[in-house]
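Shown next, in structure tokens, is the structure this report addresses.
Where a number appears in this text, it was derived from the coordinates with a stated rule and is not lab data. What you see is a predicted model, and the numbers here were worked out from it, not measured in a lab. Cβ: placed from backbone, ideal geometry, glycine included. Neighbour counts: every protein chain shown.
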Amino acid sequence: MANIGYMQVVRHCNQYCRFCSNPETEYMLDVQTAYRQIDDFVRRGYFGIILTGGEPSLSPHIPEITRYAVQKGLHVRMITNGSKIAEMSILKSFVEVGLKHYHVSIHSCRPEVEDFLTGIRGSHERAIKALENLGQVQDQEVDVNINTVINAYNCDHLDETVRFFTARFPFLRHFVWNNLDPSMGRAETNRDTAPRLRALEVSLNKAMRHLHETGRTFRVERVPLCFMPEFAHCSTETRKIIKGEERIVHFLDEKGTIRQTDFEHLKTSVCKVCTLNEICGGLFELGSWYDPEELAPVFIPKEPILQKVLAEHD
């Protein structure tokens, strides 16, 4: 099992994404606490860590934290909006200490949509520059993923976004979609940002099909399997349920450290007759934000899905 731990290193950000579920605070992870968290992940036999935020690249401690984790044998990743690594000198300083896997958060190929969602004019341009810089360090075995939050403003062109980025940056081999968490932060205030599930279904499946046909990989979180039965083995929750994995997140707020071993959200009565019920994560915020009437059972065998998940290494 490839368990990966999450470490929030800051809670502030230089963007104002209208769907952000992490309210900004002044807290920043200090180096000694980071070392203790890393040591704990090592004792648990974790494969690696993901540095997150806020915008983690705003922390001055990234090189020290990365260097220590790498020395301890952990794989280190960062989820970033790309604004800081749009400066090549900063990117090189991260790569040199062993930070060689980047999840760049970008939510649309359309500049006006990206800038609207992030609340910062020019954020699309900075993200493109970050990807260009990452392309220039490919000789140093740097991996780059695209992370996208599915929301009401991009759910109709997820496939267009995928085609744009794979064409312009062929080194991109993996995409991650997280359906919007509307339960807190700005997402709770901006109620217009939560998508209807049926509104994302066609575009998401086109995007997944394009990546599959071009030999790329992808993961999807918070989307019930009835909206992606063809690619059920690519659901984050489904994979963790099948593999019996855990997820530990060190938050910089009152939540503290959370160890998650249950990846099922709420379900409705129709889920009981679905053949994939046992391996489906269900519907996040069922009834509060997302409409349970959109769920429908599917009747396909789950064994091929189990076999695909267990045969893959990630």
**Prompt:** Among N190, N205, N277, which one moves the most in a GNM of the chain with springs linking Cα atoms closer than 10 Å?
**Reply:** N190
**Message:** Looking at the chain as a GNM with Cα springs under 10 Å, which of H233, H212, H107 has the largest mean-square fluctuation?
**Reply:** H212
**Request:** Could you work out the relative contact order of the chain, using alpha carbon pairs under 8 angstrom and six or more residues apart, expressed as a whole percent?
**Result:** 17
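Please rank T275, T238, fewest neighbouring Cβ atoms within 10 Å first, as an exposure proxy. Each step should come with its number before you reach the end.
Values: T275 17, T238 27.
The fewest-first ordering by Cβ neighbours comes to T275, T238.
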**Asked** What residue among I241, I79, Q140 has its Cα farthest toward the positive end of the dipole of the stretch 4-311, where the charges are +1 on Lys, Arg and -1 on Asp, Glu, each on the Cβ?
**Response** Q140
**Complete:** The answer for the per residue Cα convex hull volume of the stretch 56-181, in Å³, is 109
**Request:** Could you let me know the centre-to-centre spacing of the stretch 187-207 and the stretch 224-256, using Cα atoms, in angstrom?
**Result:** 18
**Top positive-direction residue, dipole computed over the chain with Cβ charges, set H101, L58, A34** = H101
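In nm², what is the average projected area of the convex hull enclosing the Cα atoms of the stretch 153-258? Could the numbers behind the result be given before it?
Details: hull surface 33.0 nm².
Average of the hull's projected areas for the stretch 153-258 equals 8.3 nm².
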**Prompt:** Given springs between every Cα pair under 10 Å in a Gaussian network model of the chain, which of F41, F299, F284 has the largest fluctuation?
**Reply:** F299
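With charges only on Cβ, +1 for K and R and -1 for D and E, what is the dipole size of the chain about its Cα centre, in debye, rounded to 20? Don't jump to the answer; show the numbers that get you there.
On the way: 37 positive and 42 negative charges, 91 e Å.
That gives the chain a dipole magnitude of about 440 debye.
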**Fill in**
Using alpha carbon centers only, the stretch 94-151 is separated from the stretch 59-91 by a whole-angstrom value of 14
**Request:** Largest first and in whole Å, give the semi-axes of the stretch 4-311's equivalent ellipsoid, each being the square root of 5 times a Cα gyration tensor eigenvalue.
**Result:** 30, 22, 20
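Tell me the mean residue ellipticity at 222 nm calculated for the chain from its helices only (DSSP H runs of n ≥ 4, each -39500 (n - 2.57), averaged over every residue, nearest 500). Before the final figure, lay out each step's value.
Details: 10 runs with 104 residues, N = 314.
It comes out at -10000 deg cm²/dmol, rounded to the nearest 500.
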**Prompt:** So for the stretch 4-311: antiparallel DSSP bridges make up what percent, rounded to the nearest 5?
**Reply:** 15
